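K.L.:
Before anything else, here's the structure in question.
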Amino acid sequence: MQRLSYLKPQTLEEALGYLNEYGEKVKPYAGGTDLMVQLREHTSKLKDVEYLMDVQYLPELRGIEVKDDCISIGCMTSHTEVNESPVLREHVPFLSIASSTVGSTQVRNKGTVGGNICNASPAADTLSPFVALNARLTVVSVDGTREVLVKEAMEKAGKLKFAPNEMATRITIDRLDGWHTAFIKLGRRKALAISRMNCAVALKLEDGVIADARIAPGCVFATPDRVEKAEELVKGQKPSAELFEKAGLAVSEEMIARTGIRWSTEYKKPVIEALIQRALCRAAGLPED
Ligand SMILES: Cc1cc2nc3c(=O)[nH]c(=O)nc-3n(C[C@H](O)[C@H](O)[C@H](O)COP(=O)(O)OP(=O)(O)OC[C@H]3O[C@@H](n4cnc5c(N)ncnc54)[C@H](O)[C@@H]3O)c2cc1C
């Protein structure tokens, strides 16, 4: 493993100073569950890194706070904390479920939601619920603070649209009170498996009709996104397995339109259709088979 120096800023100001001074040579270190594996594997994107900057002591990156119609989640919140938070379980249960499917107990205790987003892997489990929740990432540097939608924060797989002196502090999400949500993950094994595909859906039901919908498939596009065509298709309709089958089809058509036909399409097309249909049935309280 390459030789690295350890930085332990006690304040956000100090951390931003390090980022400004060292730029690409410094990497924020949250739980380290992605970073340590990548360093051990000599991942090329880390070859110029000389400093790991531990961000766990920064209070700005901690805590879950309810603010009006939103919830603010510190980037250092672990998957275990997300899964066990009564606030998140009540208002955005599919996010808690997504965190509960990450890795093993040890990985969930150390791994954070900030790290899950900032690692920029399309297979990150919390990305789909965050995208469905219109999550915004607070990005800070010595130059100031900006907000970016999580779905727009990735340039490509493994790379964020961050300047070298920027880091993330918090994630702000809509509360979706009264909505019905579901998250389904498909891995190669039932435990300790990265998503092959996943999806997060949310339905707002009024008088038995779908008043609003969010449909966010995971591991389907190069960068995470909602599928508005599928959302529009179910809006104003009564929930049914047939309707949700059409929504699944709309998602697979969007996948092919954006990524083209690949060797994996034969597998991915029917699987994402089934996952979307199943997740929508689950959210609407309909039988899933
Ligand atoms: C055995 C194993 C199983 C796993 N299983 C899963 C799984 O099922 N699902 C899944 O989604 N992931 C899985 N992972 C990946 C990993 O655990 C998660 O992505 C985790 O959420 C990463 O969080 P972290 O705090 O450990 O990030 P770190 O490793 O500390 O950081 C990850 C990246 O984000 C950057 N970063 C961290 N915080 C910030 C910040 N505040 N601002 C800017 N950049 C930042 C780091 O510089 C680094 O590039 C697994 C990992 C292992 C080792």
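K.L.:
³J(HN,Hα) across segment 151-158 via Karplus (A = 6.51, B = -1.76, C = 1.60, θ = phi - 60°), whole Hz, x for Gly/Pro?
P.N.:
5, 10, 7, 9, 7, 7, 3, x
K.L.:
Among 162, 182, 271, whose Cα projects farthest towards the positive end of the dipole of the chain, with charges put on the beta-carbon of Lys, Arg (+1) and Asp, Glu (-1)?
P.N.:
The residue sitting most towards the positive pole is 271.
K.L.:
With charges set only on the Cβ (+1 for Lys and Arg, -1 for Asp and Glu), what does the dipole of the chain come to about its Cα centre, in debye to the nearest 20?
P.N.:
Using Cβ point charges on Lys, Arg, Asp and Glu, the chain gives about 1040 debye.
K.L.:
Along segment 208-223, what does the Karplus equation 6.51 cos²θ - 1.76 cosθ + 1.60 (θ = phi - 60°) give for ³J(HN,Hα), rounded to whole Hz, x for Gly and Pro?
P.N.:
After applying 6.51 cos²θ - 1.76 cosθ + 1.60, I find x, 10, 7, 7, 7, 8, 10, 10, 10, x, x, 6, 10, 10, 4, 10 Hz.
K.L.:
Please list the non-local residues whose amide H lies under 5 Å from the amide H of residue 197, H modeled 1.01 Å from N, same-chain partners needing a gap of 5 or more.
P.N.:
Answer set, sorted by chain and number: 186.
K.L.:
Could you check how much of the accessible area of segment 107-249 is carbon and sulfur, as a whole percent, using a 1.4 Å probe?
P.N.:
48 percent
K.L.:
Expressed in whole Å with the largest first, what are the equivalent ellipsoid semi-axes of the chain derived from the C-alpha gyration tensor as the square root of 5 times each eigenvalue?
P.N.:
Equivalent ellipsoid of the chain: 34, 21, 16 Å, largest first.
K.L.:
Before anything else, pin down the relative contact order of the chain: Cα pairs under 8 Å, at least 6 apart, normalised by residue count, whole percent.
P.N.:
15 percent
K.L.:
OK, next. What share of the DSSP beta bridges in segment 1-116 is antiparallel, in percent to the nearest 5?
P.N.:
40 percent
K.L.:
Something else about it: Please state, rounded to one decimal and in Å, the Kirkwood hydrodynamic radius that segment 156-289 gives when every pair of distinct Cα atoms enters the mean of 1/r.
P.N.:
15.9 Å
K.L.:
To continue, here is another question. So how far, in whole Å, is the C-alpha centre of segment 129-186 from the one of segment 227-285?
P.N.:
The distance from the Cα centre of segment 129-186 to that of segment 227-285 comes to 23 Å.
K.L.:
Can you pull the accessible area of residue 212 for me, 1.4 Å probe, Å² to the nearest 10?
P.N.:
50 Å²
K.L.:
Using θ = phi - 60° and the Karplus form 6.51 cos²θ - 1.76 cosθ + 1.60, what ³J(HN,Hα) does each residue of segment 33-46 get, whole Hz, x for Gly and Pro?
P.N.:
Each residue of segment 33-46 in turn: 6, 8, 4, 5, 5, 5, 5, 5, 8, 6, 4, 4, 5, 9 Hz.
K.L.:
Counting other Cβ atoms within 10 Å, which chymotrypsin sites (Phe, Trp or Tyr not before Pro) in segment 166-273 have at most 14 and lie in a DSSP loop?
P.N.:
263
K.L.:
Taking every DSSP beta bridge with both residues inside the chain, roughly what % is antiparallel (nearest 5)?
P.N.:
Counting only bridges with both partners in the chain, antiparallel ones make up about 85 percent.
K.L.:
So what is the accessible area of the chain per residue, in Å², with the probe set to 1.4 Å?
P.N.:
48 Å²
K.L.:
For the chain, which DSSP H helices look membrane-span-like by this rule: Cα extent along the axis of 20 Å or more and mean Kyte-Doolittle of at least 1.0?
P.N.:
None pass (Cα extent of 20 Å or more, hydropathy at least 1.0).
The values are calculated or read from the model by the stated rules, or taken from the named source; none is laboratory data. Please read these numbers as outputs of a predicted model, since none were measured by experiment. No Cβ is skipped: glycine too gets one built from the backbone with ideal geometry, and neighbour counts run over all protein chains shown. Keep in mind that these areas ignore ligands, DNA and RNA; they rest on the heavy atoms of the full protein, side chains included. Shrake-Rupley method; radii C 1.70, N 1.55, O 1.52, S 1.80 Å.
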